[in-house]
């Protein structure tokens, strides 16, 4: 772990020292308000929309709207004369918006993984649950009513599911598990938690099919339990991607930090050996123990800490607040050196263990750039994958933007995106190929209904303001 920390810090220092003060940009930040086909999460005809990508954009646009409001206040006579006070007064409302963004997308992470495995998930209503735990599933069936609920009731309930899986994909994690074995595993989990599941596996140690079924059940449990913190990390990373496109804003700082530190926000006793299984951290630690991985809650916290302090954007956001108080500029500009972006680190929890994703890239000019990322498991079952992409804006064609990424390593995947602006309006389409066995696919594949590989389709339209 120390070697990883030193290596990342060394790269960051090598890329960011020097040009920190040279790239300040005071031009207005562009924001969007849009509708995506991925928002129709309960439409059977849109099963193959990557809703996880779409909902990241939805929660990002909530933050954009707040940023626009902040700028409106900052541009008033009072705001321009009292920027320090405005920065302090921003703490409470910005934190509330971040709570909604972070909690909403966190819970949608669980929801989307349940959905991919064929469950019928809902967002639990804590009012019902407090009255009668059996009513926990009488919640919200889409993320939008749940998001409105979060604005009105802090501390709302978590995502859950109803009934048994509707199907299992050919070749998916539970492929080949007969109904009796599946029922036995569920009974073991229900009556004894992960200790019960472990006892069931030991009792059937001479039956390879049962042992493999338990291990696959554990992998599925890890993917679902980790989906919340993984989604928060993704949203934090998507904010960085927007900043690299030239539209970062200082009020994004709160969600950026929240996304990188979510495991630290769980109570300290969760995820420890003597804690009762049931919450995310306990379930993850118990699951990794069944896989014979020596991974504890403290390892999650270390990974989150590295993701925050070894990312160049952390310091770019801090510098952004200095610029605001100094001269009123609210734009956040990433650190670059000769067009190369200083690296950022994201940390994820996978069926294989804890991974780090290092993101950088090269901007040739304002119209051409090449994003690059590498993700590797640092603790658990070793593995790695990488992504290389390109983005080009055709100025002669009305600034139509074409981008694509190729993912390789564990499984081949990638995406192609076309963005067509027309004055203040825009429409874009995305086609994305994912495999369940890839790190990215674990976190984002929309469905395993027919195969462990899925092609996602998204259409999005909106306005720029």
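Each value in this text was obtained by applying a stated rule to the coordinates, not by laboratory testing. Quick caveat, the model's predicted, so the values are computed rather than measured. Every residue, glycine as well, gets a Cβ built from its backbone with ideal geometry; the counts of neighbours run over all protein chains shown.
Full extension of the chain between residue 374 and residue 291 gives 27.4 nm of extra length, using 0.36 nm per residue less the Cα-Cα distance. As a calculated quantity, the FRET efficiency between residue 199 and residue 298 at R0 = 22 Å, using C-beta atoms, amounts to about 0.25. Label sites at residue 144 and residue 412, each approximated as a point 7 angstrom past Cα along Cα to Cβ, lie 3.8 nm apart. Packing order of peptides 226-235, 383-392, highest average first: 226-235, 383-392 (average count of other Cβ atoms within 10 Å over each peptide's residues). Normalised by the number of residues in the range 272-403, the mean separation of alpha-carbon contacts (under 8 Å, six or more apart) gives a relative contact order of 15 percent.
Extension gain, residue 96-residue 384: 0.36 nm per intervening residue step, less the Cα-Cα distance, totals 100.0 nm. Distance from the C-alpha centroid of the range 81-118 to that of the range 278-304: 24 Å, rounded to the whole angstrom. Ranked for footprinting exposure by Cβ neighbours inside 10 Å, fewest first, 27, 263 give 27, 263. Over the range 329-465, Cα pairs under 8 Å with separation of 6+ residues give a relative contact order of 13 percent. Summary value for the range 43-127: 35 percent relative contact order, contacts being C-alpha pairs under 8 angstrom separated by 6+ residues. Using the Cβ-Cβ distance between residue 425 and residue 61 with R0 = 22 Å, the FRET efficiency computed as 1/(1 + (r/R0)^6) comes to roughly 0.90.
Compared with the alpha-carbon gap, the fully stretched path from residue 120 to residue 183 is longer by 20.9 nm at 0.36 nm per residue. Computed from the C-beta positions of residue 75 and residue 35, the FRET efficiency with R₀ = 30 Å rounds to 0.60. Label sites at residue 367 and residue 463, each approximated as a point 7 angstrom past Cα along Cα to Cβ, lie 2.9 nm apart.
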